[in-house]
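These notes concern the structure reproduced below.
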Amino acid sequence: MTLSSSELVTVATSGLVALLSGGAGAWLVGRKRELRFFKNAKRPVFLFEFGEKLSSAKAALQDTGFIPNVEGPFSSPADADRIGRAGLVVISFPSEPPQADQETEEHKRQKELFFQVFERAKQRELPILVYAEGGGIRRCFARLAYSRAAVCNFQLRLISDVFAVLSTYPEQEQP
């Protein structure tokens, strides 16, 4: 089967229109994510540390130049009263002892403070990143059941997830 020249022009034109409209659609979607990121990046990112230290993560986020408004790290649930205007809440989880029976009173207190802040952010429907270095959070996954929460085990993953959340989380849904 051979195509006439007019049919070839029609097929080529249709293909070109499909290619251009697909490319324009991809560009618009990418542009929308960029705009959403920059709107959300103006909102503060709150850091709460109850285990792993977040001071280096704070410096790394500020060094990117895209997220200037990083508050904390805080270590008290009382500071969680200010998170209503947050774009994101990052909470470090206390490192688990090697065996469950070796848990100290201080570790239990740090875990309870962690869950108090987690619940306050969850009530406000804010996105939460839990920083748990070394996977020490396995025993507590059931208490972390929240659709807007993610767990990060490494600082690079934490920074990557901050950018991902700020570029995908709808800014108009935030309180």
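Here, each number is a calculation from the coordinates, and none is a lab measurement. None of these values were measured; they are calculated from a predicted model. Quick reminder, even Gly has a Cβ in these numbers, built from the backbone with ideal geometry, and neighbours come from all protein chains shown.
In terms of distances greater than 29 angstrom between alpha carbons, the cross-link table entries Lys58/Lys111; Lys39/Lys108; Lys39/Lys111 yield Lys39/Lys108; Lys39/Lys111.
Counted by Cβ distance under 13 Å from Ile67, the other residues give a net charge of +1, where Lys and Arg count +1 and Asp and Glu count -1. For Leu88, the residues whose modelled amide H falls within less than 5 Å of its own, excluding neighbours fewer than 5 places apart on the same chain, are Phe46. Highest mean first, the peptides 53-63, 112-122 sorted by other C-beta atoms within 10 Å per residue fall in the order 112-122, 53-63.
Charged neighbours of Val45, selected by a Cβ distance under 12 Å, balance to +2 (K, R count +1; D, E count -1). Between Tyr131 and Ile91, Ser92, Phe93, Cys152, the built amide H atoms are under 5 Å apart, and every one of these is 5 or more places off in sequence or on another chain. As a calculated quantity, the FRET efficiency between Glu119 and Lys53 at R0 = 22 Å, using C-beta atoms, amounts to about 0.45. Between Asn153 and Asp63, full extension at 0.36 nm per residue minus the direct alpha carbon distance yields a gain of 30.4 nm.
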